[in-house]
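Accompanying notes for the structure given below.
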Amino acid sequence: MELATTLTGQTVQNRVREIGINANHWYAVAWAKELQSHNILPIMLWNQEIALYRDSQGIVQAVEDICPHKGVALHKGKVQGDAIVCPYHGWEFEAGQCTKIPYFPPEQKLPRACVRTFPVRERYGIIFVFPGDPALAEQVPMIDIPQYGDPDWLMVTIGAEFQAHYTICNENTMDVFHGYLHENLQGWFDPVLLKLQETQDRVRADYRVSYEGPMTKFLGLNETSQATTRTISVNYQYPNYINSLEGNSLKGNSFLYLMRLPISPQKSRSFSLMFVKVRIPRWLTEPLRPVLEPVIRNLFFMRFLRQDIEMIESEYAHYVSDLQRRYVEVNPAIIAVQRLMVRQYEQYMNSLPATQPTEQNGNQPPAPKTESRILDLAN
Ligand code: FES
Ligand SMILES: [Fe+2]
């Protein structure tokens, strides 16, 4: 559906900061390199504690990080073959089942003590977990990153952590009008929202932006450092972003895949893969790649990101300190992203059997439920 691109003032309703997630999606939870063999990596996905480890084949396994015996964190234990072993009494678990209690005689029947397992996949140097209904995991597509591993592209990995609700972070990614913040880094300027489309699980906004300075050359927008105008497509494909920036005819577009991990209502993380077309001969780029990547990340993207983190955390801190306060938004693309996040959450909640708790997130901070707080963003 095509939406109007006119910028008009709208009051933001806090409903969007009170929602949980649609758990029936694949979520990026860790960089693959964070998980070495024999180690156990604890992660948190929307308050769900999960322990990741590699089995004897090196394949990643994901289990709830709580021992069914007495509730100890399993990540404090160890990996033995294909089993995760609890540090307290040494109970062993494989494929979710208790397979050994070290102080039981061999002939004694083991109690029924199960640990929840999660569908998990390792792809693009990232570990993904499906926290929802495991029966749906196979049919829900994962993010597709065709440039990954292609030597014609230079890939830069960028990770960040935010003390903020994931909806605030996602609005920042859609918000091309904050080029003002990055002015001193020679970011972009003169943004115009050209086109806005919304479907059930996607919001796509095309903006026209202008650049000048070294960034234009680096991103392949221009041969010189002169000001140039290009189109940026920001595509929120729940729960990730796929953005592309139109380049010149020689370099093609550059792409940013941003995967969001909602850790808890107060904390989020992001895993980004940026792809820039390289024109230097391959024999030269290959040895340079390990050097180029951290330099570009630290001198370039991290400086932008640090400014964003400061704004996002300030926004969240003020939201928490006064839940009654209203803010004004003018970008219809942000309103569309809010509507999509609310719709996805409600869709998930409606899919749960009636016996499940009605609030998935146990959201913090507690929000007073007054009539004026609720806006039906699904309309
Ligand atoms: S608490 Fe895990 S084995 Fe006892
Ligand atoms: Fe930014």
Q. For the stretch 261-306, how many residues are surrounded by 17 or more Cβ atoms within 10 Å (Cβ to Cβ) and within 16 Å of ligand 2 (Cβ to nearest atom)?
A. 8
(Q) Could you tell me how many of the residues in the stretch 186-213 are surrounded by 16 or more Cβ atoms within 10 Å (Cβ to Cβ), of a type outside the set (Asp, Glu) and part of a strand (DSSP E or B)? (A) 12
Q. Which residues, taken from the stretch 84-100, are in a loop (DSSP other than H, G, I, E, B) and either within 16 Å of ligand 2 (Cβ to nearest atom) or under 25 Å from Ile59 (Cβ atoms) (or both)?
A. Cys86, Pro87, Gly90, Trp91, Ala95, Gly96
Q: Could you look through the stretch 149-185, keep only residues that are open to solvent by 10 Å² or more (accessible area, probe 1.4 Å) and touching a Gly at 6+ places or on another chain (Cβ under 8 Å), and pick out the one that is farthest from ligand 1 (Cβ to nearest atom)?
A: Leu181
Q) Is it the case that Ala137 is touching a Cys at 6+ places or on another chain (Cβ under 6 Å) and more than 16 Å from ligand 2 (Cβ to nearest atom)? A) no
Q: Give me a count of the residues in the stretch 61-83 that are open to solvent by less than 30 Å² (accessible area, probe 1.4 Å) and in a strand (DSSP E or B).
A: 4
**Q.** All positions within the stretch 111-148 that are among the polar types (S, T, N, Q) and either open to solvent by 30 Å² or more (accessible area, probe 1.4 Å) or in the same structural domain as Asn240 (by TED's automatic domain parsing) (or both)
**A.** Thr117, Gln139
Q: Taking Gly125 as meeting all but one of (1) within 16 Å of ligand 2 (Cβ to nearest atom); (2) of a type outside the set (A, V, I, L, M); (3) in contact with a helix residue (DSSP H, G or I) (Cβ under 7 Å, 6 or more places away or on another chain), write down the number of the exception.
A: (1)
Q. Do we find that Gly77 is within 9 Å of ligand 1 (Cβ to nearest atom), assigned by TED's automatic domain parsing to the domain that holds Pro119 and closer than 22 Å to Ile127 by Cα in this structure?
A. yes
Q: Among the numbered conditions (1) in contact with an Asp or Glu (Cβ under 8 Å, 6 or more places away or on another chain); (2) in a loop (DSSP other than H, G, I, E, B); (3) within 21 Å of Ile126 (Cβ to Cβ), tell me where Gly58 comes up short.
A: (1)
Q: Being surrounded by fewer than 17 Cβ atoms within 10 Å (Cβ to Cβ), modelled with pLDDT of 95 or more and charged (D, E, K, R) is the filter here, so list the residues in the stretch 84-108 that pass it.
A: Lys100
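The values are calculated or read from the model by the stated rules, or taken from the named source; none is laboratory data. All values derive from a computational prediction rather than experimental measurement. Neighbour counts are summed over all protein chains in view; Cβ atoms, including those assigned to glycine, are modelled from backbone coordinates with ideal geometry. Note: areas computed on protein heavy atoms with side chains; ligands, DNA, RNA excluded. Shrake-Rupley method; radii C 1.70, N 1.55, O 1.52, S 1.80 Å.
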